[in-house]
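The values are calculated or read from the model by the stated rules, or taken from the named source; none is laboratory data. These numbers were taken from a predicted model, which means no experiment stands behind them. We place every Cβ from the backbone using ideal geometry, glycine too, and count neighbours over all the protein chains shown. Please note that ligands, DNA and RNA were not included when accessible areas were found on the heavy atoms of the full protein model with its side chains. Shrake-Rupley method; radii C 1.70, N 1.55, O 1.52, S 1.80 Å.
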Amino acid sequence: MNENLRIDISRLKRRLDMVNAIGALPGGGVERLSLTNEDKEVRDLLCKWFDELDLELRIDQMGNMTGTWITDSKGPPVAIGSHLDTVGSGGYFDGSLGVVAGLEVLETLKKAGVMPPKPLSIINFTNEEGVRFTPDMMGSFAFAGLGDPNELWKAKAEENHDLSLKNELENIGYLGSDICGQYPLDSYFELHIEQGPVLEREGIDIGVVEKVQGIFWTEYLLKGNANHAGTTPMSMRRDAGYVAARINTFVRDLTKQIGGVQVGTVGITNFFPNLINVVPQDVRLTVDLRNTEKNKLVEAQETLQSFVTKVAHEESINFEFSELVRFDPVDFDKNMIYSITMAANSLGYSSRTMPSGAGHDAQMMASICPTTMIFIPSKDGISHNINEFSSDADIEKGANVLLLAVTNRLGI
Ligand code: HGY
Ligand code: MN
Ligand code: MN
């Protein structure tokens, strides 16, 4: 293959801009929550691009979309993937960069007139973000045969528990017939923004991702007693809001206690009745704990659980909890990791190996085929925020590393 083959950054950016015109927010950023009309619109656009590139489209039971360049070989495809759904008030690059860069690599190879000895697939996974339906990475979880679609279909929409995931897949016309877990791959690559501060701070072009930290999401339903804010003596209160506040500050202290890379986030606290002069009766609270080491993550979760039990008892609060996500840390394939470092070196880009703090579809794919990820710098380390930004120059470097690594894997 022509060693000087490079991606076309203006073509890549045109596609990325078209994706981000869908769900564009008035003040900047995007909102394409999973299985909403915006998600349908971006999926329809992807189908159009798959068709223009003459790719074979497959849609599975979870709505995962795969476009494959069928070549002479009958072997499993090399895959490039990510996700087109976003968090609410999301950025222009998280997920969408990976899908659009995959299309760009494929089109570059097609336009160069090469015929890869292996098929090449581009995959858009359903509901990577997990903000409308939990768990996150849901589509790739099922694609890898790790999750049962019949169970995942029952997931309820965050905004309306009368809507199931299956309802919403049907509503947008992406409830496919392909059975999940029966689509073998040769390998999987994912280009993604780092979503953290490391590459920018160290002035490094390319992050070579070795592992993804484990993620534990837990939902707590705290049940106290509504009462008058003025007449109820402090000794007689069963204040769910107070317990929620104690849990929130405890999570911060817990990360210091565990140390290292441990992170913890209380992302949701919904009060009921949420009124200025009523002692809070109920609180729905979520805790997101992550660590690259499984034993430390389990220790953090167990310590949290004991604390919740203790502080709920002190305030005479009842509580229920559900384990929304329990994903272990994942290591990527050593040869794939090496191939990214080699590709960056041969293109003259600086690189470093690193873990991923964020969850990704790649952590599911690692269970079925050799997998790795390529990171590019995030300005100010910001993500899941409308100000998320990566420069065209960094995008071009990341996509060229993807092109070279995939080309090598295809055997061109
Ligand atoms: O939660 C995550 O890390 C990913 O953005 N779904
Ligand atoms: Mn992502
Ligand atoms: Mn994300």
* Over the Cα atoms of the chain, how large are the radius of gyration and the largest Cα-Cα distance (Dmax), in Å? -> 22.5, 80
* Any chance you could run the full-extension gain for ILE386 through SER235? It's 0.36 nm times the residue separation minus the Cα-Cα distance, nm to one decimal. => 49.9 nm
* Asked: Where the only charges are on Cβ atoms (+1 Lys, Arg; -1 Asp, Glu), what is the dipole of the stretch 214-327 about its Cα centre, to the nearest 20 debye?
  -> 140
* Asked: Full extension from GLU314 to ASP333: what is 0.36 nm times the residue separation minus their Cα-Cα distance, to one decimal in nm?
  -> 2.0 nm
* Structure fact -> With Cα coordinates, the longest principal axis of the chain makes an angle with the long axis of helix 334-346, in degrees rounded to 10, of 60
* Is the shape of the stretch 142-198 best called rounded, prolate or oblate, per the rule: a/c under 1.5 gives rounded, else a/b larger than b/c gives prolate, else oblate, with a ≥ b ≥ c the square roots of the Cα gyration tensor eigenvalues? -> oblate
* Square roots of 5 times each gyration tensor eigenvalue, C-alpha, the stretch 214-327, largest first, Å -> 28, 13, 11
* Asked: Tally Lys and Arg at +1 and Asp and Glu at -1 over the other residues with C-beta under 10 Å from the C-beta of LEU199: what net charge comes out?
  -> -3
* **Anchor LYS156: lysines whose Cα lies under 22 Å away (excluding residues fewer than 8 positions away in-chain)** => LYS40, LYS166, LYS223
* To do: First measure r as the distance between the Cβ atoms of ASP162 and SER306, then evaluate 1/(1 + (r/R0)^6) with R0 = 41 Å and state the FRET efficiency to the nearest 0.05.
  => 0.70
* Structure fact -> A chain fully extended from ALA112 to LYS154 at 0.36 nm per residue, minus the present Cα-Cα distance, gains in nm 10.6 nm
* For the stretch 1-69, what is the Kirkwood hydrodynamic radius in Å, using each pair of distinct C-alpha atoms? -> 13.9
* Run the accessible area of the chain with a 1.4 Å probe and give the carbon-and-sulfur part as a rounded percent. => 50
* Rounded to the nearest 0.05, what FRET efficiency do GLU299 and ALA393 have when you use their Cβ-Cβ distance and R0 = 41 Å? -> 0.45
* To do: Report the charge-dipole magnitude of the chain in Debye, nearest 20, computed about the Cα centre from +1 at each Lys and Arg Cβ and -1 at each Asp and Glu Cβ.
  => 500
* Could you pull out the trypsin sites (Lys or Arg not before Pro) across the stretch 170-279 that fall in loop regions by DSSP (anything but H, G, I, E, B) with no more than 13 other Cβ atoms inside 10 Å? => none
* How fast does the stretch 68-223 diffuse by Stokes-Einstein, in µm²/s, taking the Kirkwood radius from C-alpha pairs at 25 °C and 0.890 mPa s? -> 138
* Only residues of the stretch 54-82 count here: report those whose backbone N is under 16 Å from the spot 7 Å along Cα→Cβ of ILE179, or say none. => 59-62
* How big is the gap, in Å, between the Cα center of the stretch 227-284 and the Cα center of the stretch 149-175? -> 31
* Asked: Nearest 20 debye, what's the magnitude of the dipole of the stretch 1-129 about its Cα centre given +1 on Lys and Arg Cβ and -1 on Asp and Glu Cβ?
  -> 360
* Just tell me which lysines come within less than 17 Å, Cα to Cα, of LYS118; anything on the same chain fewer than 8 places away is out. => LYS74, LYS110
* Accessible area (Å², per residue) of the chain, counting only protein heavy atoms and a probe of 1.4 Å -> 41
* How far is the Cα center of the stretch 1-72 from the Cα center of the stretch 87-131, in Å? -> 7
